[in-house]
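As structure tokens, the structure follows; a few thoughts come after it.
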Amino acid sequence: MTLITSISGIRGTIGGSQGQNLTPFDIVKFSAGYAKWILEKNKTPKVVIGRDARMSGALLSNLVASTLMSMGVNVIDLGLSTTPTVEFAVEQEKADGGIILTASHNPKEWNALKLLNHKGEFLSAQDGQNVLDFAKQDLQFSQVDNLGKQTRIADYIERHIKAVLEHPWVNKQAIQQAGFRIAVDGINSTGALAVPLLLEALGVKDVHLINGEMHGDFAHNPEPLKEHLSGLSKVVVDQDCALGIVVDPDVDRLAFMCENGEMFGEEYTLVAIADYVLGLQKGAAVSNLSSTKALADVAKKHGCMYHASAVGEVNVVAKMKEVDAIIGGEGNGGIIVPNFHYGRDALIGIALFLSHLAEKKQNISELRSSYPNYFMSKSKIQLNQDLNPEDVLHKIKNKYTDTSLLDIDGVKLLLNDHQWVHMRKSNTEPIIRVYTESNSQSSADDLAKRFVDELLSLA
């Protein structure tokens with residue numbers, strides 16, 4: 001069982017010992033630290049909270065809301081929601097921050113506090129560190145006359161969807177005319193609510209939803225990867241669907257399935273949407289170091305610049321702002337559309353992808369075949385007391401001094417025009433991630449095994 005406290009938020013497994021797991025004591029401590037950080041900026045603040053459908057979600061939400069109010073912070077509670085909806089609501093409500101109760105793609109025993117600033121964006125490294133520092137202090141709670149108040153708003157997903165439909169790049173008419181039959185895997189969380197509502201609003205009349213009960217006892221591993229989606233594949237083929245859609249439990253990651261039951265490729269979600277956006281408006285594209293080279297290829301096709309950032313949404317957003325990018329995200333299916341809001345958002349991603357597909361008048365596998373064909377392998381090494389990630393990554397960097405590399409986040413070795421390997425310590429799990437890309441799956445897998453073995457040999 002695990003508790004991970006970092007500038008990326010507070011994430012851990014439910015139950016167990018204080019300080020070792022995500023217990024009520026830890027939830028109160030870090031919520032109070034966040035409240036203190038908020039109160040440093042505004043003495044009468046308001047904070048938006050929302051949660052996915054995890055089994056522990058209601059418990060966490062009640063603890064967080066009560067802690068914030070006990071510190072004198074007013075709470076706007078969206079209840080069951082999505083990460084991008086909470087981000088959107090922070091902006092709309094002109095709130096001082098937000099907390100999302102979700103552990104994203106982690107299994108059901110995990111939950112987390114994702115922390116937002118007043119822009120609805122994840123905290124910077126310095127702000128995140130300040131929250132962690134405040135949580136260690138002897139905090140003062142409010143007297144009874146100064147307690148915060150709680151307001152519940154139940155329709156923010158609908159408000160979010162309305163804004164998606166109003167976006168100038170969303171072609172509702174083309175989507176409606178395409179007559180798509182779509183299968184959706186709601187993975188027993190709030191995607192089962194938000195995605196069908198969005199599709200209905202876009203004029204998609206034939207939707208086949210699986211895992212639609214929002215109880216958080218996930219029907220399969222909630223990470224939207226091919227090996228977890230046999231159920232969706234069967235529905236797509238059996239129901240003769242044009243495509244399948246899958247999101248993670250908090251609806252900030254997005255993947256598609258082709259009409260033949262094969263994955264479009266989560267790395268290619270951003271590639272396809274960027275192709276559509278850059279065809280409408282020229283500008284820079286950004287993804288993180290662990291994302292496919294295909295995005296750089298597509299940007300070049302449109303005469304646009306590509307830029308890489310460190311892994312993590314906050315880092316992608318910072319790079320997007322630096323280069324004034326018009327599209328960006330992460331290869332795990334995270335789409336960021338800055339003229340909508342600076343956060344990974346599967347709902348705007350779905351609307352833009354379907355607009356692209358409808359305008360192309362192709363089936364989805366034909367669209368996929370129009371992009372450069374790279375293959376990735378994603379491996380990980382479990383950390384233990386004998387494996388120091390900083391030490392082994394430093395050794396691997398020194399070993400490859402004659403190779404072109406980037407070290408803004410771990411070590412990325414650029415081996416040739418179509419092969420790279422990126423090795424970094426995860427911000428959300430006690431692992432070293434090893435991502436590779438090549439021009440065939442076998443060579444990508446072989447490359448990953450080679451560098452996993454090398455890292456272990458250097459430990």
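The values are calculated or read from the model by the stated rules, or taken from the named source; none is laboratory data. These numbers were taken from a predicted model, which means no experiment stands behind them. Cβ placement follows ideal geometry from the backbone for every residue including glycine, while neighbour counts extend to all protein chains displayed.
Residues of the stretch 412-428 being crowded, with 18+ Cβ neighbours inside 10 Å and closer than 19 Å to residue 446 by Cβ, which ones?
Result: 412, 413, 420, 421, 422, 423.
Could you say which residue among 412, 380 is assigned to a strand (DSSP E or B), among the charged types (D, E, K, R) and at pLDDT below 95?
Matching residue, one of 412, 380: 380.
All but one of (1) closer than 30 Å to residue 109 by Cα; (2) surrounded by fewer than 19 Cβ atoms within 10 Å (Cβ to Cβ); (3) among the charged types (D, E, K, R) hold for residue 240; which doesn't?
(1)
Which is in contact with a Phe, Trp or Tyr (Cβ under 7 Å, 6 or more places away or on another chain), under 20 Å from residue 167 (Cα atoms), in contact (Cβ under 8 Å) with a residue 24 or more places away in the chain and not charged (D, E, K, R), of 251, 271?
It is 271.
Note down all Cβ pairs under 7 Å where the first residue falls in the stretch 363-384 and is within 30 Å of residue 175 (Cα to Cα) and small (Gly, Ala, Ser), the second is in a loop (DSSP other than H, G, I, E, B) and modelled with pLDDT of 95 or more, and they're at least six residues apart or on different chains.
365/258; 365/259; 365/260
Select from the stretch 392-405 the residues that are in contact (Cβ under 8 Å) with a residue 12 or more places away in the chain and either within 28 Å of the chain's Cα centre (by Cα) or part of a loop (DSSP other than H, G, I, E, B) (or both) and list them in ascending order.
392, 393, 400, 403
Restricting the stretch 415-446 to residues that are among the hydroxyl-bearing types (Ser, Thr, Tyr) and not in a strand (DSSP E or B), which is farthest from residue 392 (Cα to Cα)?
Step one: of the stretch 415-446, the residues among the hydroxyl-bearing types (Ser, Thr, Tyr) are 426, 428, 435-436, 438, 440, 442-443.
Imposing the further condition that a residue be not in a strand (DSSP E or B) reduces the set to 426, 428, 440, 442-443.
Values: 426: 14, 428: 19, 440: 27, 442: 25, 443: 23 Å.
Filtering first and then ranking leaves 440.
Considering only helices (runs of 4 or more DSSP H) fully contained in the stretch 20-97, which possess at least 3 residues that are of a type in the set (Gly, Ala, Ser) and closer than 21 Å to residue 139 by Cβ?
Hits in the stretch 20-97: 24-39, 57-70.
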